[in-house]
1. Could you work out how far helix 82-95 tilts from the main Cα principal axis of the chain, as a 0 to 90 degree angle to the nearest 10?
2. By the gyration tensor of its Cα atoms, with a ≥ b ≥ c the square roots of the eigenvalues, what is the shape of the stretch 10-96: rounded for a/c under 1.5, prolate for a/b over b/c, or oblate?
3. Is the chain best put as rounded, prolate or oblate by its Cα gyration tensor, with a ≥ b ≥ c the root eigenvalues, rounded for a/c under 1.5, and otherwise prolate when a/b is larger than b/c, oblate when not?
4. With charges set only on the Cβ (+1 for Lys and Arg, -1 for Asp and Glu), what does the dipole of the chain come to about its Cα centre, in debye to the nearest 20?
5. Can you find, among 50, 137, 67, the residue farthest towards the positive end of the dipole of the chain? Put +1 on the C-beta of Lys and Arg, -1 on that of Asp and Glu.
6. Could you point to the residue in 21, 92, 113 farthest towards the positive end of the chain's charge dipole, with +1 and -1 charges on the Cβ of Lys/Arg and Asp/Glu respectively?
Amino acid sequence: MQLRPALALTEAMVKAKTSASGEDLHELFHEVFLLHAALSAVMDAVHEKAGLRTAQCKVADALERAGPASVPEVAARLDVSRQFVQTICNEFEEMGIIEFRDSPRHKRSKLVVLTEKGRRTLAKAWQYEAGVIEKALPDIDAATTAKATALLKTVRKTLAEAVD
């Protein structure tokens, strides 16, 4: 039974040797900030080809992924203001991208629903995105992408929990 504390100590030592330092993580975060800026510039140009702004694509994407929702629900999903989403939804309604429907859950807050035109427009934006990404990054394999995605999800969720 004396082996258990030694095993725990060994595991802690291995973890200590393999855990990223604060400096390592700071460098990762710095790269994420730089990546965000680069992605924003590229995505703005790509989305424009589809006839949308990047902010509009984010709202449409949230609706496509989660289905019909109220403006406050979309705002909460995107962690933006209700007014921001309402402005985009008003633009979308004029463009025929969404429609407002009565909500069975709330008398005053309408549901925002992507129209068929909205789905086609968003699919066009996604198609442009995929083409640009695949052309720019042909050598990144699926396994590397999956590992990077998992790491970023873990970091995001862990930091969100630390703030709560």
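The numbers here are math on the coordinates, done by the rules we state, and not lab data. Nothing here was measured: the structure is a model prediction, and the numbers come from that model. Quick reminder, even Gly has a Cβ in these numbers, built from the backbone with ideal geometry, and neighbours come from all protein chains shown.
1. Once rounded, the angle reads 50 degrees.
2. Numbers: a/c = 3.59, a/b = 2.12, b/c = 1.70.
It comes out prolate by the Cα gyration axes.
3. Numbers: a/c = 2.87, a/b = 1.77, b/c = 1.62.
Verdict is prolate for the chain.
4. Numbers: 23 positive and 23 negative charges, 130 e Å.
Roughly 620 debye, rounded to the nearest 20.
5. Farthest towards the positive end: 67.
6. Value computed over the given set: 113.
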